[in-house]
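These notes concern the structure reproduced below.
Computed from the coordinates by the stated procedures, all read-outs in this text should not be read as laboratory data. Just so you know, these numbers come straight off a predicted model, no measurement behind them. No Cβ is skipped: glycine too gets one built from the backbone with ideal geometry, and neighbour counts run over all protein chains shown.
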DNA sequence: TCGCTGTATCGACGAACGTCAAAGCAAGAG
DNA sequence: CTCTTGCTTTGACGTTCGTCGATACAGCGA
């Protein structure tokens, strides 16, 4: 399990001019879409939030499972999706498995949207709308 | 068509403490997930980027369709998904329909991830673990 | 008016997704 | 070693999604 079992190891690492700066090539779009798709489920969004907001910055599955109406395997599945998207990493310590959010990956996704939201290609409606 | 035909009109408007600050309630998770899901497709990501990066901040469907291997109806479908997610808005001017990215919606999604990526719940891995 | 071009909706198909129960593996307790 | 607990994997089911062709609508020009 270690870090990421998936494919995007470096996908979010070598990131990307902001959305509005240049058209975003097909290949990069595929990798970024995989990350956003991982965020595109309420359960995963809550899991990620729960992990990121947990004291110490990490949470074990047992901490996180309470408050969900989902079966154990489903939780595990969602955590795997987040892991393979490079958004969290998991580590087994004794009996329990601890997950932790990846600040870098989240930050890069944030940057991708941020600049688009504030700066580039300045919509002429500057102050309006 | 006007602005958003969909459901999230205000969903992204009244946004949200950052991901790592507090656990993100179920209801809000559903609405945010809808936005991220809209970003979770390579074609839509490229479309959004193409629109956002287009000179003037807006692009008509014809501008955007070139360079895609997708049929017309499919492009139209993806634009509709982005529109219903509140990420773009469309306006018909004569024969053509022009789309424009919504900086506010993108910015709020960005903020949601940004703080999580930099600040809160500071992972103590610095010294501990 | 008719026809043409640009865009959207409809209906259908295959693929991917979210979910669960059952079974499997890892680690500690007895 | 065996049992129990925590988590993951497997296999299956129904639903949603991405894609397309056919069709319909909107606006312009002849």
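At residue A:91 and residue A:76, where each label point lies 7 Å from the Cα along Cα→Cβ, what is the point-to-point distance in nanometres?
So the label points at residue A:91 and residue A:76 sit 2.2 nm apart.
For a protection proxy built on the mean count of beta-carbon atoms within 10 angstrom, sort B:58-64, B:18-24 highest first, please.
B:18-24, B:58-64
Return P(r) of the range A:26-118 (all Cα-Cα pairs; 10 Å bins starting at 0; whole %; ordered from short to long distances).
16, 49, 26, 8, 0
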